[in-house]
Amino acid sequence: MIKVLMAGAEAVPFAKSGGLGDVLGSLPGALRRQGIDARVVMPLYQSIPAEYRERMQPVAELTVPVSWRRQHCELYYLAYNEVPVYFINNPYYFVRPYMYGFYDEAERYAFFCRAILELLPYLDFQPDILHCHDWHTGMASVFLDAFYRSRPLYQAIKTVFTVHNLKYQGIFAKQIMGDVLGLSWDYFTPDRVEFYDQVNFMKGGLVFSNLITTVSPTYAQEIQTPFFGENLDGLLRCRQDSLYGIVNGIDYASYNPAADPHIYYPYSRENPRKQDNKLRLQQDLGLATDPHIPLIAMVTRLVSQKGIDLVAHILDEMLALDVQFVVVGTGEERYEHLLRQAAGRYPGKFSANICFDEKLSRRVYAGADLFLMPSLFEPCGIAQLIAMRYGALPVVRETGGLKDTVIPYNEFTGEGNGFGFANYNAHELLFTVKKALFLYQQQAVWQKLVASGMAGNLCWDKSAGDYAALYQKLINQEANYAVHQGNF
């Protein structure tokens, strides 16, 4: 049995700020169903709910080096849905009011990366593969090379690094090389962790890991180009033979309209009550109560990546149509202000919910007819998968995982599960919305598309199988660990 330790900064239900938490909360369980002994390690944040903290069992106490510092570390264990989860506790680093955004992020996650490696002798589980996720864990593979590879316990460990969003890289001043990381300056070179005279945690993971994955096949190709590559496209082209794209899935047990406790009325393809959910949502949000008015929705972070600029540009034109629009999310102040203003201008037609509210989000998925994701870029996207599962047809820009998961409606064959447009252009988005609204008037065709989306295989099983095959390929290779150097 292959043993995999998955390391990440967050995992549902313990901590979540985005898609990374969803993946770490669902993928390990799917891997275990494939016969992989997958386990998770993450920080023990103050924000983790008490119901989980009270069930954690102490495993060990140890000392973790953070350059010249010797930091105390407590290791805890909890089995959640049959997945073993280890929690790294240090009150100085992790007992804080929120997860991210502090002045000492480099030191916090350098500690986390060293602790991942230091805890291995204390486990009754020795991983064949250390699978790290996003920049917070990027230094683990660097530390493995610098400090641990010569030790017998660590010699056979292979490493996989997954990029969830290349835009967020963990870039810090070069002074942390000695004071925080404890690395020699030999590692501060363009073919290692140096990045425009700074230190880049994600680059460390990309250079020093045996294999790289990202969260959709299209995004794996896109990030090798200058537009999407965030100044790491040269490195990714050098490592293209070790780069794989595996699309994310969703947890079908959690996202199930037939059994979701958050929505007004359970429903399925066989028991359609989506219209009842729509009417209740309209009532609760102060929209005109009418089952025949198309309800458009967005559940998103209000940031430029998500295409909010496009929506802002055509918002008045779209709301001049016979539609209603609901937005749920938080983000940049300029977008929050813009949406609040629009809600004031369009009472009964537009509802701006500037908040993160899981129950409301589920109810919006259940009540919406159309779901907008006009992203500038989208590594994978989970919202469009949830929308289809709940019978809301997505309107997406054809980029990254959106292109890989949404099949635009084909009027000649009748096939599809949503709508797509190619260029990052506001009126191309508006044209696509109008095309969808025209089809909405043809309810027989519309319901066929809704049924197609709800019937799609969007769960983790196939993707977990792809990861399992990748792990097996890596295990079968002869020990060939080497630093990947080149002109990046």
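A compact table of results
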{"read-out": "Spatially close lysines, pair count over segment 274-457: Cα under 17 Å, gap of eight or more or interchain", "value": "7"}
{"read-out": "Expected-Rg normalisation [2.2 N^0.38 Å, Cα atoms] applied to segment 274-457", "value": "0.93"}
{"read-out": "Integer Hz, Karplus 6.51/-1.76/1.60 couplings in order for segment 4-12, x for Gly and Pro", "value": "10, 9, 9, 10, x, 7, 7, 7, 5"}
{"read-out": "Percent of Cα-Cα distances greater than 13 Å, calculated over segment 192-232", "value": "59"}
{"read-out": "Within segment 393-407, backbone nitrogen closer than 17 Å to the virtual label 7 Å beyond the Cα of Glu317 toward Cβ", "value": "396-397"}
{"read-out": "Length-normalised contact order for the chain - Cα pairs under 8 Å, 6+ apart - percent", "value": "13"}
{"read-out": "Segment 298-353: GluC sites (Glu not before Pro) in DSSP coil with no more than 16 other Cβ atoms inside 10 Å", "value": "Glu332"}
{"read-out": "Residues with amide H under 5 Å from that of Ser375, placed H, sequence gap 5 or more", "value": "Arg397"}
{"read-out": "Relative packing of 295-308, 200-213, which averages over residues the other C-beta atoms within 10 Å, highest first", "value": "200-213, 295-308"}
{"read-out": "Cβ crowding within 10 Å averaged over residues, with 48-61, 103-116 ranked highest first", "value": "103-116, 48-61"}
{"read-out": "√(5λ) per eigenvalue of the Cα gyration tensor, segment 1-158, largest first, Å", "value": "21, 21, 15"}
{"read-out": "Computed over segment 274-457: relative contact order in percent, which uses C-alpha pairs under 8 Å that are six or more apart", "value": "21"}
{"read-out": "Gly331 long-range amide H proximity, modeled H, under 5 Å", "value": "Leu302"}
{"read-out": "Residues Glu82, Glu415, Glu10, Glu222 arranged by fewest to most Cβ contacts within 10 Å", "value": "Glu82, Glu415, Glu222, Glu10"}
{"read-out": "Under Karplus coefficients 6.51, -1.76 and 1.60, residue-wise ³J(HN,Hα) of segment 226-242 in Hz, glycine/proline x", "value": "x, 5, 9, x, 6, 6, 10, 5, x, 4, 5, 5, 4, 9, 4, 6, 10"}
{"read-out": "Amide H contacts under 5 Å for Phe325, placed H, 5+ residues apart", "value": "Ile296, Phe350, Ser351"}
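Read-outs throughout are calculated quantities, based only on the coordinates presented, and are distinct from any laboratory measurement. From a predicted model like this one, the values you see are computed outputs, not experimental measurements. Reconstructed Cβ throughout: ideal geometry from the backbone, glycine too, with neighbour counts over all protein chains shown.
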